[in-house]
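Comments concern the structure below.
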């Protein structure tokens, strides 16, 4: 299987599925952004492989998502495997290797999506096809969903499937998807964070107003000055600390494994009175934990005057807000109001809710498979500061576990390589993940 899997991973890297589309291919080629435009699957290589094995029972050309089902014995609920094959842009990035050729160099598969998440899709497809080839009859069906549009919000991918084809997922309680399972080395210990929960999208717009006019006749204290005060307030003030069950489970598990002084320090992250002190003590490591204990807001897009010689009377800034599990948009707006004051209009643009607490029923089984595959590895729960398609599946009662196991070199900086130039993944890590997922398929139910 190893050789086949590497070839599949390289093949997926050669398909340009950039979202939004950039010159030369991507979603414009596959009709990914326009549901009325007929197109191929976003993963032609995967679709072809599935069809050859008689496993593809839904591939709507107007919606480039692929669903395949491996029948089980009907004694347990089905299990969902899902991943996306659209990727972010490579424009204006200085790549050492072509980003869409999937070259295997010095043991690494290079290309956009190697980590997010064509490498993970290759793992799932390999495990799924192996189960089919070996005649595995699990207690429940195994459903594989390869979706589009995750990088642009999921409207034509997971969200579409959940809203328009929810019947396909009837009876499913658990899913394996992104984001987690890759190794994280701290204090000489090799952790495998398994995502059990994620923050919630809470996008907002802040608007300030003042006197406008001709650029040659400046007005003091206008909209631009108010914008400056708004941005300064957001930069200099943190939102309040909240300790959620997923975050506490994560730090407690890490502290227990580390032992010694590190254990004492890390464990106090879950003490609201000491959280900020510990974050400062951790230095650069604290950046990883910072968004796990508070709602966050990042100013991203400014809208002001459309002409250089016109002073705007109104300026708005879009805010990428991320809510902790269990928090609501009203909580966020209340916390923001305390920082920015009453002179700023705050509007909610989009809120994608998620469950307040995770269902941990499958966690121990997945952790056991990992520990058997890497006896020195330590699986821990992960609260993800970002979001995945899991937020859509949670709306129909499906708990996602981010479980794409990769044993990575200690000096491999995952967070600096994903979405960046020279994205790559060790081929051995993909092989390892495929083996672990296959073992998990044999155990579920």
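Please identify the pairs in which a residue from segment 327-347 that is outside the structural domain of residue 316 (by TED's automatic domain parsing) has its Cβ atom under 9 Å from the Cβ atom of a residue that is surrounded by 13 or more Cβ atoms within 10 Å (Cβ to Cβ) and modelled with pLDDT of 95 or more, counting only partners at least 6 apart or on another chain. Final answer for the pair search is none.
Kindly establish whether residue 228 is over 26 Å from the mean Cα position of the chain (by Cα), assigned to a helix (DSSP H, G or I) and modelled with pLDDT of 95 or more. Criteria met by residue 228. Which one of 175, 114 is outside any loop (DSSP other than H, G, I, E, B) and either within 30 Å of residue 257 (Cβ to Cβ) or outside the structural domain of residue 430 (by TED's automatic domain parsing) (or both)? That would be 175, the only listed residue that is outside any loop (DSSP other than H, G, I, E, B) and either within 30 Å of residue 257 (Cβ to Cβ) or outside the structural domain of residue 430 (by TED's automatic domain parsing) (or both).
Residue check: is residue 153 over 23 Å from residue 401 (Cβ atoms) and assigned by TED's automatic domain parsing to the domain that holds residue 437? Taking the combined requirement at face value, the residue does not satisfy it.
The residues of segment 118-148 that are assigned to a loop (DSSP other than H, G, I, E, B), out of contact with any helix residue (DSSP H, G or I) (no Cβ under 8 Å at 6 or more places or on another chain) and in contact (Cβ under 8 Å) with a residue 24 or more places away in the chain, listed by number, are 137, 139, 140, 141.
Here residue 10 qualifies as surrounded by 15 or more Cβ atoms within 10 Å (Cβ to Cβ), farther than 19 Å from residue 145 by Cα and at pLDDT below 70. Of the numbered criteria (1) in contact (Cβ under 8 Å) with a residue 40 or more places away in the chain; (2) assigned to a loop (DSSP other than H, G, I, E, B), the one residue 92 fails is (1).
Would you confirm, using the coordinates I've provided, whether residue 64 is modelled with pLDDT under 95 and outside any helix (DSSP H, G or I)? For residue 64, the condition - modelled with pLDDT under 95 and outside any helix (DSSP H, G or I) - is met. Residues being at pLDDT 65 or above and more than 22 Å from residue 116 (Cβ to Cβ) are represented in segment 79-90 by at least one member. Taking segment 368-445 as the region of interest, the helices (runs of 4 or more DSSP H) fully inside it that hold 2 or more residues being surrounded by fewer than 23 Cβ atoms within 10 Å (Cβ to Cβ) and in contact (Cβ under 8 Å) with a residue 12 or more places away in the chain are 414-417, 427-443. When we screen 205, 220, 159, 232 for residues that are farther than 30 Å from residue 368 by Cβ and assigned by TED's automatic domain parsing to the domain that holds residue 64, the only hit is 159.
The values are calculated or read from the model by the stated rules, or taken from the named source; none is laboratory data. Quick caveat: nothing in here was measured; it's all calculated off a predicted structure. All Cβ positions, even for glycine, are placed from backbone atoms using ideal geometry, and neighbour counts span all protein chains on display.
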